[in-house]
Amino acid sequence: MVSFLSTLQEATPDPFFVLNDLYSKDPKKEKVNLGIGIYRTEEGKTPLMSVFLDELVAFIERARAGEINAGYLGIEGLASFRAEVPRLVLSDESRALKEGRVQVIQSLGGTGGMFLGAKLLAQELSFKQVFVSDPTWSNHMNIFDRAGFQISTYPYRDIETNELAFDRMLSAIKEMPRGSVILFHPSCHNPTGIDPTEAQWAEILDLVHKQELFPFFDCAYQGLGEGVEEDVFPIRAADSMGLEFLVAVSFSKNLSLYQQRLGALMVVGNEKDALHNGVEVVKARVIRASYSNPPALGATGAAAIMSDEKKKQAWLLELKEIRDRLKEVRGKFVGALSKRGLASEHIAKQKGMFSYTGLSKTQVLELRDKYSIYMTTDGRANLAGLNNSNIDYVADAIFDCSK
Ligand code: LMR
């Protein structure tokens, strides 16, 4: 009998989650997961941060005392959380914040923030075309495609030099039609780990402004590159220039809230009434029509941490430990590769959680088949999957697959 589902076109499964499954099912004892972007400790664990654990305990105590209202949050999310997001991303010195030109909507992770923004631009406004870096996080394609955008790319990584293809990127921006959306990773570019310098960002944003393009920042790794302030440089620069833009903010990585799905869409606009209306449109036509309203637990903890200076400093210290470990592992990985005569200078210069190794798809698949080392076929390796017990195993395997 023919099923009602039989006319469906086949979907392409998400490469990160497929890889995770393959890794989990691999019976080999010596296996290494360098796939999906989840932080892991030297012991291979992804724990909750202690600052957040304290908030969970406090939450339970308040709940037991009958002090928690367990009803729905508003469609736009928790007010105290929404108030803290621009302070973190834009800072208290923000021009837009001082001028009352910022609105924040709580979202289901950073992906949720991207989704809300893409829907607003393509379905509720008349934006048609988006330009993303080549390469970019594969889910960007998925999100913008489902929202109805035409997707094009701009040059980002120079294959010869493994550096930013800065001149070609600028030339491409000059050719973009006015009114196009341009997607940026403010830091820790996913997948390449290659970030423009501050001077390069200034040039890029000047051009974006001249060309009347609309910037959309995917801020998924604030604090994992150089620091929470440094990692949002281009967003703050766009703010100082008085531009209008969107930011999708994620707390998966920098507060280890992967499972709580905590993020935000931050909207910076130059007309207060239009800005207010924009948020109402997202609430009524996108959020209420899909998941209705966001979850409270992650937002409650995050708001308590960010609004209390002592707790915030404790969080930033824990975040620094993550950042420092990533840097240390990067150094060791570079050392292990160069000891075996393999090129690694490009990896040393990259920032954040990933190293874009330059390994080909064939080499990646050989690493998987022969050594049970898992990374995405573009050669991106999550450095957090490396530790003192497996780094030489991985370097030896890469050496073998590079012959
Ligand atoms: C990744 O690129 O691996 C991460 O952003 C995880 C995800 O959500 O896909």
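Of all the listed residues (Gly301, Gly352), the sole one being modelled with pLDDT of 95 or more, under 24 Å from the mean Cα position of the chain (by Cα) and on the phi > 0 side of the Ramachandran plot is Gly352.
If we scan region 311-328, do we find a residue that is within 25 Å of Asp231 (Cα to Cα), of a type outside the set (Val, Ile, Thr) and within 16 Å of the ligand (Cβ to nearest atom)? Yes, that holds for at least one residue.
Can you report the number of residues in region 348-366 which are touching a residue at least 24 places away in the same chain (Cβ under 8 Å) and either open to solvent by less than 20 Å² (accessible area, probe 1.4 Å) or within 18 Å of Pro135 (Cα to Cα) (or both)? Residues flagged as touching a residue at least 24 places away in the same chain (Cβ under 8 Å) and either open to solvent by less than 20 Å² (accessible area, probe 1.4 Å) or within 18 Å of Pro135 (Cα to Cα) (or both) within region 348-366 amount to 11. Which residue is most open to solvent (accessible area, probe 1.4 Å), if the candidates are limited to region 108-133 and must be part of a strand (DSSP E or B) and more than 16 Å from the ligand (Cβ to nearest atom)? Result: Gln129. Scanning region 308-318 turns up at least one residue that is under 21 Å from the mean Cα position of the chain (by Cα) and loosely packed, with under 14 Cβ neighbours inside 10 Å. Only a single item in (1) at pLDDT 95 or above; (2) more than 16 Å from the ligand (Cβ to nearest atom); (3) not assigned by TED's automatic domain parsing to the domain that holds Arg261 is not met by Met1, and it is number (1).
With respect to the conditions (1) part of a helix (DSSP H, G or I); (2) farther than 21 Å from Leu255 by Cβ, Tyr72 lacks only one, and its number is (1). Filtering region 159-191 to residues that are assigned to a loop (DSSP other than H, G, I, E, B) and within 16 Å of the ligand (Cβ to nearest atom) leaves His185, Pro186, Ser187, Cys188, His189, Asn190, Pro191.
Checked against the criterion of being open to solvent by 90 Å² or more (accessible area, probe 1.4 Å) and either at negative phi or within 16 Å of the ligand (Cβ to nearest atom) (or both), the candidates Leu8, Leu53, Leu34, Leu48 yield just one match: Leu8. Pairing residues of region 1-23 that are under 11 Å from Asn33 (Cβ atoms) with residues that are away from the ligand (no atom under 14 Å from the Cβ) and in a loop (DSSP other than H, G, I, E, B), at Cβ distances under 7 Å and at least 6 apart in sequence or on separate chains, gives Tyr23/Lys31. Annotation for region 239-250: no member residue is open to solvent by 40 Å² or more (accessible area, probe 1.4 Å), under 29 Å from Gly37 (Cα atoms) and out of contact with any Lys or Arg (no Cβ under 8 Å at 6 or more places or on another chain). Just checking, does region 171-182 include any residue being within 19 Å of Gly225 (Cβ to Cβ), modelled with pLDDT of 95 or more and buried (at least 22 other Cβ atoms within 10 Å of the Cβ)? Within region 171-182, not a single residue is within 19 Å of Gly225 (Cβ to Cβ), modelled with pLDDT of 95 or more and buried (at least 22 other Cβ atoms within 10 Å of the Cβ). Within region 221-237, the set of residues being more than 13 Å from Lys351 (Cα to Cα) and of a type in the set (A, V, I, L, M) comprises Val228, Val232, Ile235, Ala237.
The sole residue among Arg330, Arg325 that is buried (at least 21 other Cβ atoms within 10 Å of the Cβ) and at pLDDT 95 or above is Arg330.
The residue that is surrounded by the most Cβ atoms within 10 Å (Cβ to Cβ), among those in region 381-396 that are farther than 10 Å from Ala336 by Cα and of a type in the set (A, V, I, L, M, F, W, C), is Ala381.
Counting the residues of region 251-290 that are open to solvent by 60 Å² or more (accessible area, probe 1.4 Å) and either part of a loop (DSSP other than H, G, I, E, B) or under 13 Å from Arg82 (Cα atoms) (or both) gives 6.
The values are calculated or read from the model by the stated rules, or taken from the named source; none is laboratory data. Fair warning: this is a prediction, and the values are worked out from it, not measured in the lab. Quick reminder, even Gly has a Cβ in these numbers, built from the backbone with ideal geometry, and neighbours come from all protein chains shown. Remember, those area values only see protein heavy atoms, side chains included, never the ligands or the DNA or RNA. Shrake-Rupley method; radii C 1.70, N 1.55, O 1.52, S 1.80 Å.
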